[in-house]
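For reference, the structure is listed below as structure tokens.
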Amino acid sequence: MLPPAAELASAETSAEKCGMNPLHLCIALCPLAAYMFLLGAINLSRRPFLTTGGRDSYALGVAVVGLMIAGPMKLFLPDNAAALFGPYIWLLMLSLYFLAVTFWVLMEKPRLVVFNSSIDQLKPVLRRVANELDAEARWSGDAILFPTLGIHLVLEESSAMRNVQINSVGSRQDFLSWRRLELALGGALRRETTTPSPYGGILLTIAFSISVLVFLQLMRRPDLAALEWRELMMF
């Protein structure tokens with residue numbers, strides 16, 4: 001019977017030969033697949049979905065956390081800290097990562113994202129909301145200025161993914177007014193209906209394919225996945 005070190009080396013050699021690393025594949029791709037499942041379900045809905053730019057960015061940060069763990073975090077894991085903290089080093093690394101994501105989100109300008117909608121569908125709704133919030137609101141093309149609320153925004157459409165981003169214009173923005181706009185627009189969009197986006201079906205297909213690939217790799221070499229987990233946790 002091989003000792004643990006030799007067993008791990010033998011397993012790693014087998015993994016290199018088959019070109020797959022089941023546990024790393026699972027860690028890297030499962031959060032991304034979950035993110036695609038979520039986006040796919042939203043795009044297949046019959047109602048527009050409104051979220052803030054911060055939530056959108058944070059969701060993306062969660063989606064790629066597996067890639068960060070299996071890639072840069074494992075590659076640049078500090079050996080001295082790993083020896084000192086043991087498996088808790090991953091908690092520290094993840095905390096640092098999410099602090100960086102939080103800093104990135106906090107530094108962003110105010111932004112709203114409307115999924116499963118186009119500018120032509122959103123404009124009438126936003127026009128009604130703008131008149132309710134600020135009687136002096138003025139449109140200029142796809143941009144709108146709220147003089148009383150102290151916010152200025154522009155609509156940008158992604159026709160391929162069928163969503164609209166409501167981006168702030170300039171650095172002088174009233175964050176409380178953006179919150180009022182978010183609540184008012186969210187309430188108005190709940191009364192609207194739309195057709196499901198074909199993009200949602202594509203996302204669900206990709207997410208399902210990733211999930212099947214990961215499952216098959218784990219079922220093919222569960223022993224290798226267990227050894228990799230022990231190595232990752234430094235047991």
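In region 188-209, the residues that are under 22 Å from Leu122 (Cα atoms) form Cβ pairs under 6 Å with partners that are part of a helix (DSSP H, G or I) and at pLDDT 85 or above, at six or more places apart or across chains, as follows: Ala188/Val125; Ala188/Val129; Ser197/Asn43; Tyr199/Asn43; Gly200/Gly40; Gly200/Asn43. Of the helices (runs of 4 or more DSSP H) lying entirely inside region 36-90, those containing at least 2 residues that are in contact with a helix residue (DSSP H, G or I) (Cβ under 8 Å, 6 or more places away or on another chain), farther than 26 Å from Leu183 by Cα and free of Cβ contacts under 8 Å to residues at least 40 places away in the same chain span 65-68, 79-85.
Restricting region 154-176 to residues that are free of Cβ contacts under 8 Å to residues at least 40 places away in the same chain and assigned to a strand (DSSP E or B), the residue that is farthest from the chain's Cα centre (by Cα) is Val154. Within region 103-124, residues that are open to solvent by 60 Å² or more (accessible area, probe 1.4 Å) have Cβ atoms under 7 Å from residues that are among the small types (Gly, Ala, Ser) in these pairs: Trp104/Ser57; Lys109/Ser168, counting only partners at least 6 apart in sequence or on another chain. With respect to the conditions (1) modelled with pLDDT of 90 or more; (2) exposed (fewer than 15 other Cβ atoms within 10 Å of the Cβ); (3) within 26 Å of Val212 (Cα to Cα), Tyr35 falls short on a single one, namely (2). Right, Phe215: among the aromatic types (Phe, Trp, Tyr), over 26 Å from Arg46 (Cα atoms) and either open to solvent by less than 60 Å² (accessible area, probe 1.4 Å) or outside the structural domain of Ala41 (by the TED database) (or both) or not? In short, no.
Could you list all residues from region 79-102 that are open to solvent by 60 Å² or more (accessible area, probe 1.4 Å) and either more than 16 Å from the chain's Cα centre (by Cα) or under 23 Å from Pro48 (Cα atoms) (or both)? Within region 79-102, Asp79, Asn80, Ala83, Leu84, Phe85, Tyr88, Leu91, Leu92, Leu96 meet the criteria. Just a yes or no: is a residue in region 182-205 within 30 Å of Pro87 (Cβ to Cβ), at pLDDT 90 or above and not assigned by the TED database to the domain that holds Ser140? Checking region 182-205: not a single residue is within 30 Å of Pro87 (Cβ to Cβ), at pLDDT 90 or above and not assigned by the TED database to the domain that holds Ser140.
The values are calculated or read from the model by the stated rules, or taken from the named source; none is laboratory data. Quick caveat, the model's predicted, so the values are computed rather than measured. Don't worry about glycine lacking a Cβ; one is built from the backbone with ideal geometry, like all the others, and counts go over all protein chains shown. Quick note on the areas: whole protein, heavy atoms, side chains included, nothing else; ligands and nucleic acids left out. Shrake-Rupley method; radii C 1.70, N 1.55, O 1.52, S 1.80 Å.
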